[in-house]
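*Asks:* Handing you a structure now.
Where a number appears in this text, it was derived from the coordinates with a stated rule and is not lab data. As the structure is a prediction and not an experimental result, all values here were calculated from the model. Glycine also receives a Cβ, built like all others from the backbone with ideal geometry; neighbour counts cover every protein chain displayed.
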Amino acid sequence: KLEIDSLEKIFKASGNERSDHIVIEENEASKRFRCFLAYSKAKRVEKQAFELKEELEKLEVTVSSTDFTEDTEIFRAIDQSSVVLILVTREYLQEVDNNESQVKKEFWHAIRSRGIKNMIPISLDSALNDTKSWYGRLGHHLSSSSVVAFKDEVGELAQDVVKAMTRH
């Protein structure tokens, strides 16, 4: 578990009360991370996203994701987050460039609302750990970002994600 003192330092150092996917906010008893989890709707990806969400919640991270029915709900969840976590897969790379996809709308809203510096790419495919293999909008905007690399064990991946969030 993260210590309250470290979260308070991160909150004060950030200078921001809100950010896309992970929001550091004051709750009744403690400070917590709040993030938005963006991912492709491909079945295998949805399963991985659900498992990661469960593991992050065990680490006391509040996670919103793309399971809303209306754009306004999704955009509000992004706005209320401090960080946006993007599950990078081949499907996501394709969908973010598709003019008709929900993924594209979420991606652009996250950039406008939270900014690139508050977006954390998480590779779910070891072949995508290197941002040089990314193309299109995702490659253009996030190729200089630090990537949380794929792990076979989702609990270990969740811990790496929390470490990345504390650096933001």
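*Asks:* Let me understand segment 96-168 better: what is its radius of gyration from the alpha carbons, and its Dmax, in angstrom?
*Replies:* Cα only, segment 96-168: 12.7, 34 Å (Rg, Dmax).
*Asks:* Could you grab the relative contact order for segment 36-168? Cα pairs under 8 Å, six or more apart, rounded to a whole percent.
*Replies:* 26 percent
*Asks:* Based on the Cβ-Cβ distance of Gln159 and Ile116, what FRET efficiency does E = 1/(1 + (r/R0)^6) give at R0 = 30 Å, to the nearest 0.05?
*Replies:* 0.80
*Asks:* Residue by residue through segment 52-64, what is 3J(HN,Hα) from phi via Karplus (6.51 cos²θ - 1.76 cosθ + 1.60, θ = phi - 60°)? Round to whole Hz and write x for glycine and proline.
*Replies:* Working through the residues one at a time gives 5, 4, 4, 5, 5, 5, 4, 8, 6, 9, 7, 10, 9 Hz.
*Asks:* Here's a follow-up. Obtain the nm distance between the two label points defined at Lys104 and Thr166 by a simple spin-label model: each point lies 7 Å from its Cα along the Cα-to-C-beta direction.
*Replies:* Going by the 7 Å Cα→Cβ label model, 3.9 nm.
*Asks:* Separate question: When N is the residue count of segment 29-168, what does its C-alpha Rg come to as a fraction of 2.2 N^0.38 Å?
*Replies:* 0.95
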